[in-house]
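Please read the structure below before turning to the comments.
The values are calculated or read from the model by the stated rules, or taken from the named source; none is laboratory data. Owing to the predicted nature of the structure, the values given are computational and were not obtained by experimental measurement. Quick reminder, even Gly has a Cβ in these numbers, built from the backbone with ideal geometry, and neighbours come from all protein chains shown. For accessibility, only protein heavy atoms count, side chains too; no ligands or nucleic acids. Shrake-Rupley method; radii C 1.70, N 1.55, O 1.52, S 1.80 Å.
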Amino acid sequence: MRSVREAWKAAVASAVADMLAEKGADPSLSEAVAAEAPPDAAMGDVGFPMFPFAKALRMGPPQIAAALADRLVAEASAGAAPAGTVKAVGPYLNVFLDRASVAAQALGSRSLGSSYGRSSSLAGSKVMIEFSSPNTNKPLHLGHLRNDVLGESSARILKANGAEVMKINLVNDRGVHICKSMLSYMAYGGGRVPEDEGKKTDHFVGDYYVRFNDLKKDDPKAEEKAQELLVKWEAGDPETIALWKKMNEWAVGGIRRTYDRTGVSFDKYYYESQIYLTGKDEVQKGLASGVFFKADDGSVRVDLSPIGLEEKVLLRKDGTSIYMTQDLGLAIHRHQDWPFDRLVYVVANEQQYHFKVLFYILKRLGYDWADNLFHLSYGLVNLPEGRMKTREGTVVDADALLDSLRELALEEIQAKGREDAVGDPLDTAEKIALGAVHYYLAQATPSKDMIFNPKESLSFNGNTGPYIQYMGARISSLLRKRDRGEGSASKGSVRPELLSSPSEWELVRLVSSYPEAVEQAGAEYNPAIVAAHVYAIASAFSKFYHDEPILSCEDPDQAATRLALSEAVLVVLKNGLELLCIPFLEAM
Ligand code: ARG
């Protein structure tokens, strides 16, 4: 269903196209028509800037806006324009939507339920998204939680826009860091297993990785020995492989339990141990075709001067590969596995250079899909106390963080005496904890570094997950009361034209523009856009709830209509929270 807003956008675009054609300019320039929100609702509900057409039309933007307004008014009187009125305001063409039709449409979201906000903007497109990609020497930490929510949420948003999505995880299960935890287990483990110590299996492995620090003191040759162990691993030494397998199962098993807890899942796991040699052939092929060159020292390199960078080694002179070689092979291999239209890498911004170079090389190798690779680059997550550092023990373990947030949420439920109202207090506390972390991490602009403040994330007031969950619970409770026959609503009928107060109109506007937010979030791979929308609608609801009687409204039609609006808001909250991997709560 096309919204009244979208209908207006199409009408403006088609009028601009006509004007362009009349002036002998390219009508497809009208694709640049973009809707903005005017700074003040008194100026209109949607504004279309005319700057992009000034050159082609050889007119000033205000002149274009005025001419366009005349055209659209004429179309409207001929019954050919969508409902509403237009006005030129300086360089903008502003539209005042017909509120009753927008309201009727917004209320229509109730019957669409969980499919409200879905679009077909990415239909027919296959998107592969790689995220999480942990190392198997330690458990997940706060940085992974940011990665995971960005990846899982982007995947859900892409699917909501009609894309076919394949979620993949590249597990880094080989290398010298893995050998360090193995070596330390060999020294101190004494054959113990995680159950002996009642530890979650990935924590058990991680603790040995940390104990490598002790080993270095006990054995000055520890670093060398780790390198030797890697050589043995590469040679397939049975004992080494057996221990490696056992420890990796512990690590991956524990990490997967955390994914289950946070609601993250993957369609396919790739393991570096199985693919770290891929890519060498591709480099050889590129050498043969002249894309790469052999340097004087015998290494194979690529010239990066076209993108303003120093040349880069792809195969060392002894023929061994590097991180880049592996990623080249892997991207090509993945495209053969599942011919994607786009491939998204959710990886920290520390690797910006790596992906820039990777994408450039794939393009030079002639892969046409190389234009559609995207590095969803995200910043560090720091704590209010400062930077996280593994060795200084200030790294925030994901499981421990969730446990402590759950504990705090449980205390809050108890302090408010809500144990009976919520049903299962521990389960509710767990869902609040997840809501707190996921929302806090998802609302931040992905590319920016951020500070995670655990206390703040849990606040029931302000821009937080629990606040939004709380609004959802409050609306659910209102609707339960209505359904039990409380108030006059059951005697009234829903009349969209009654929704005219500022706080009602704000909710109508936010319900009806929700699908656009989901579409934009999909186009930009940015869950923060959905988060901002969901927060805006939760706080607008809070204002509405404060300003207007709802259940207790005397006029039955008005009561029924306001409850219907509340129900439409609930649809948006539920669907938006689902996209953000935040559990919905009926009661809090
Ligand atoms: N495991 C890597 C790390 O810990 C991230 C892997 C990123 N993905 C990739 N295809 N290079 O930094």
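So the values come out like this:
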quantity: Number of positions in the range 474-518 that are crowded, with 21+ Cβ neighbours inside 10 Å and out of contact with any helix residue (DSSP H, G or I) (no Cβ under 8 Å at 6 or more places or on another chain); calculated: 1
quantity: Lone unmet requirement of (1) in contact (Cβ under 8 Å) with a residue 60 or more places away in the chain; (2) surrounded by fewer than 19 Cβ atoms within 10 Å (Cβ to Cβ) for Asp214; calculated: (1)
quantity: The lone exception for Ala331 - which of (1) at negative phi; (2) away from the ligand (no atom under 16 Å from the Cβ) it fails; calculated: (2)
quantity: Residue tally, condition buried (at least 19 other Cβ atoms within 10 Å of the Cβ) and either in a loop (DSSP other than H, G, I, E, B) or touching a strand residue (DSSP E or B) at 6+ places or on another chain (Cβ under 7 Å) (or both), over the range 530-582; calculated: 5
quantity: Strands (runs of 3 or more DSSP E) lying entirely in the range 261-348 (those with 1 or more residues that are of a type in the set (Gly, Ala, Ser) and out of contact with any Pro (no Cβ under 7 Å at 6 or more places or on another chain)); calculated: 342-348
quantity: Top-ranked residue in the range 329-371 [being open to solvent by less than 20 Å² (accessible area, probe 1.4 Å) and of a type in the set (Phe, Trp, Tyr); ranked as nearest to Ile307 (Cα to Cα)]; calculated: Phe355
quantity: Qualifying positions in the range 334-363 - more than 13 Å from the ligand (Cβ to nearest atom) and not basic (Lys, Arg); calculated: His335, Gln336, Asp337, Trp338, Pro339, Phe340, Asp341, Tyr360, Ile361
quantity: Among (1) aliphatic (A, V, I, L, M); (2) within 16 Å of the ligand (Cβ to nearest atom); (3) without any contact (Cβ under 8 Å) to a residue 12 or more places away in the chain, the one test that Leu277 misses; calculated: (3)
quantity: Filtered residues of the range 141-162 (kept if open to solvent by 10 Å² or more (accessible area, probe 1.4 Å) and either touching a Pro at 6+ places or on another chain (Cβ under 7 Å) or away from the ligand (no atom under 16 Å from the Cβ) (or both)); calculated: His144, Arg156, Lys159, Gly162
quantity: Considering residues of the range 289-328 that are touching a His at 6+ places or on another chain (Cβ under 8 Å) and not aromatic (Phe, Trp, Tyr) only, the residue farthest from the ligand (Cβ to nearest atom); calculated: Met324
quantity: Every pair of residues 6+ apart whose Cβ atoms lie under 7 Å, when the first sits in the range 342-369 and is small (Gly, Ala, Ser) while the second is away from the ligand (no atom under 11 Å from the Cβ); calculated: Ala348/Tyr378
quantity: Selection from the range 113-140 of residues that are touching a helix residue (DSSP H, G or I) at 6+ places or on another chain (Cβ under 6 Å) and within 16 Å of the ligand (Cβ to nearest atom); calculated: Val127, Ile129, Phe131, Ser132, Pro134, Thr136, Asn137, Lys138, Pro139, Leu140
quantity: All positions within the range 23-63 that are aliphatic (A, V, I, L, M), over 19 Å from Val86 (Cα atoms) and assigned to a loop (DSSP other than H, G, I, E, B); calculated: Ala25, Met59
quantity: Filter result (surrounded by fewer than 16 Cβ atoms within 10 Å (Cβ to Cβ), outside any helix (DSSP H, G or I) and of a type in the set (Ser, Thr, Tyr)) within the range 102-127; calculated: Ser119, Ser120
quantity: Cross-chain or 6+ apart pairs with Cβ under 8 Å, the range 422-447 first and free of Cβ contacts under 8 Å to residues at least 24 places away in the same chain and open to solvent by 10 Å² or more (accessible area, probe 1.4 Å), then of a type outside the set (A, V, I, L, M) and part of a loop (DSSP other than H, G, I, E, B); calculated: Pro425/Arg418
quantity: Of all residues making up the range 154-211, the number that are polar (S, T, N, Q) and farther than 22 Å from Gly236 by Cα; calculated: 4
quantity: The lone exception for Val205 - which of (1) within 16 Å of the ligand (Cβ to nearest atom); (2) surrounded by fewer than 24 Cβ atoms within 10 Å (Cβ to Cβ); (3) within 19 Å of Leu230 (Cβ to Cβ); (4) aliphatic (A, V, I, L, M) it fails; calculated: (2)
quantity: Test: residue in the range 181-199 that is closer than 19 Å to Glu228 by Cα, out of contact with any Cys (no Cβ under 8 Å at 6 or more places or on another chain) and within 16 Å of the ligand (Cβ to nearest atom); calculated: yes
quantity: Qualifying residue in the range 170-177 (condition: over 16 Å from the mean Cα position of the chain (by Cα) and assigned to a helix (DSSP H, G or I)); calculated: yes
quantity: Among residues of the range 372-397, those that are at pLDDT below 95 and either open to solvent by less than 50 Å² (accessible area, probe 1.4 Å) or more than 15 Å from the ligand (Cβ to nearest atom) (or both), counted; calculated: 15
quantity: Among residues of the range 168-180, those that are open to solvent by 10 Å² or more (accessible area, probe 1.4 Å) and away from the ligand (no atom under 13 Å from the Cβ), counted; calculated: 2
